[in-house]
1. Can you list, largest first and rounded to whole Å, the semi-axes you get for segment 170-278 by taking the square root of 5 times each eigenvalue of its Cα gyration tensor?
2. Could you work out the relative contact order of the chain, using alpha carbon pairs under 8 angstrom and six or more residues apart, expressed as a whole percent?
3. Restricting to the chain, what percent of DSSP beta bridges are antiparallel, rounded to 5?
4. Starting from the residue with the highest accessible area, list Thr51, Thr198, Thr139 in decreasing order, probe 1.4 Å.
5. Using a 1.4 angstrom probe, figure out how much accessible area the chain has per residue, in square angstrom, rounded to the nearest whole.
6. Report P(r) for the chain: all Cα-Cα distances, bin width 5 Å, range 0 to the bin holding the largest distance, values in whole percent.
7. Would you work out the relative contact order for segment 72-230, in percent, from Cα pairs under 8 angstrom that are 6 or more residues apart?
8. Sort Thr83, Thr217 by heavy-atom solvent-accessible area, probe 1.4 angstrom, most to least.
Amino acid sequence: SKQAGRNTYSRFSAEWNESNEHSLNVVNGLRHALERGEFLLYYQPQVNMSTGVIVGAEALIRWMHPVRGMVAPGEFIPLSEETGLIVPMGDWVLRTALSHWQRWRSLGMQDLVLSVNLSPKQVLAGGFVEKLAEVLAETGFPPDKLCLEVTEGIAIHDNGLALEVCRGVRELGVHLAIDDFGTGYSSLSALHRFPFTTMKLDRSFISSIGQQDQSETVLKAMLGLARGLHMDVVCEGVESREQWNRLQALGCGVVQGYLVSRPLPVAEFERFVLGSGT
Ligand code: C2E
Ligand code: CA
Ligand code: CA
Ligand code: CA
């Protein structure tokens, strides 16, 4: 959030000052990054637990900085949000991800559900649904193969616009996921008020499997909640066999995590999926 964003920024600035002799500031670096094509998308597969089949992928942005090398989103997304750069960056992410997906289809891959992260700024910038409708129409992309991920944060300062946008997204037939579910202060209220189709259970609940006595009770309750609301569930951050087995026993639908694969550059992702026999 805001606090984390500031911390990230100052850490980034310190590193930047140490490592960059050109003394470009981060904001300019980020602006130029878009123009110069320094952003790229990685993809992390999502697997159906009962069939073992790859059914989806989440697009995750990376910045290939000419001096610093690969920069993780945690280091530039907060600043991009503060400066508003997240809006053109988010447009780029959406268009690029959709065109990658079209290529996957031409390579003979089964249609995956493509998940794309949205920042609150993008949702609230105005005209988002119109833009989305336009991109879908232009590309002929099947809306039910797209899932947009937002956190409960969009609901916090909401004057009705976030809800309107989310309803608009659903009216287009696009899935809507609540990301990092269970970590915020108002996840339940957001779930109740917004038309989410998918619950992404935060990694913190998965990593506590086998560590904390109460963790399975909480997981079970959240999975039951999703089932009761007829929502799809994706469990994030599955790293071990033990976690996989417990989640399978609890009836989790889809998992995403290092156990299956880390996020991969698009060409590697394609090889991974084609090699998996899916
Ligand atoms: P997120 O949406 O919750 O994405 C999942 C993060 O968990 C990714 O980090 C992923 O690499 C990491 N992860 C996946 N499986 C595991 C696991 O088994 N163990 C561990 N320890 N981590 C795992 P990443 O790629 O660094 O992204 C961090 C955050 O940056 C994302 O969290 C998302 O909030 C944001 N982000 C990434 N790409 C975009 C984007 O295109 N737009 C926006 N607005 N935000 C983005
Ligand atoms: Ca996400
Ligand atoms: Ca998440
Ligand atoms: Ca997150």
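1. On the way: eigenvalues 114, 82, 28 Å².
Value: 24, 20, 12 Å, ordered largest first.
2. Working: 409 pairs, mean separation 51.6, N = 278.
The value is 19 percent.
3. Values: 16 of 38 bridges.
Beta bridges within the chain, antiparallel portion: roughly 40 percent.
4. Numbers: Thr51 90, Thr198 15, Thr139 55 Å².
Of Thr51, Thr198, Thr139, the descending order of accessible area is Thr51, Thr139, Thr198.
5. Numbers: 13340 Å² over 278 residues.
Accessible area per residue: 48 Å².
6. Histogram of Cα-Cα distances, whole percents per bin: 1, 5, 12, 16, 17, 17, 15, 10, 5, 1, 0, 0.
7. Working: 164 pairs, mean separation 26.0, N = 159.
Worked out over segment 72-230, it gives 16 percent.
8. Details: Thr83 55, Thr217 85 Å².
So the residues, ranked largest to smallest area, are Thr217, Thr83.
The values are calculated or read from the model by the stated rules, or taken from the named source; none is laboratory data. None of these values were measured; they are calculated from a predicted model. All Cβ positions, even for glycine, are placed from backbone atoms using ideal geometry, and neighbour counts span all protein chains on display. Accessible surface areas use protein heavy atoms only, side chains included; no ligands, DNA or RNA. Shrake-Rupley method; radii C 1.70, N 1.55, O 1.52, S 1.80 Å.
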